[in-house]
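Written out below as structure tokens is the structure these notes cover.
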Amino acid sequence: DLTDDDLVITDGQEPIALAGVMGGLSTEIDDNTTTVLIESAMFNSSHIRRTARRLALRSESSLRNERGLNIATID
């Protein structure tokens, strides 16, 4: 179950991702994809770690965001 602390990304009407943890199936890229939107965000690494562990959701995204980003390398 989500809590008030969990960050959810929406398309304006429907949830499409759990921020920093996992994207949703509706935004997955496949052979029929014709348009791609690039998202850039920086999340609090400890917050992402807590959310991913509590929900037992491990993904490439959560692992990357749990480690934190070096802001000096961002252009």
ask   = Per-residue ellipticity at 222 nm for the chain, helices alone: DSSP H runs ≥ 4 residues times -39500 (n - 2.57), over residue total, nearest 500 deg cm²/dmol?
value = -7500 deg cm²/dmol
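Under unit Cβ charges (Lys, Arg +1; Asp, Glu -1), what dipole magnitude, rounded to 20 debye, does the chain have relative to its Cα centre? Present the calculation step by step, with values, prior to reporting the outcome.
Values: 7 positive and 13 negative charges, 112 e Å.
Here the chain has a charge dipole of around 540 debye.
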query = Near residue 26, within a Cβ-to-Cβ distance under 9 Å, what is the net charge of the other residues, with Lys and Arg +1 and Asp and Glu -1?
reply = -3
Farthest toward positive dipole pole in the stretch 8-73 [+1 Lys/Arg, -1 Asp/Glu at C-beta], among 46, 8, 29 = 46
Phi to ³J(HN,Hα) by Karplus 6.51 cos²θ - 1.76 cosθ + 1.60 over the stretch 39-45, Hz, x for Gly, Pro = 10, 10, 8, 10, 10, 5, 4
key: Relative contact order computed over the chain (Cα-Cα under 8 Å; 6+ residues apart), in percent   = 28 percent
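The numbers here are math on the coordinates, done by the rules we state, and not lab data. Every value quoted in this text rests on a predicted model; they were computed, and no experiment measured them. Because the Cβ atoms are built from the backbone with ideal geometry, glycine has one as well, and the counts that use them run over all protein chains shown.
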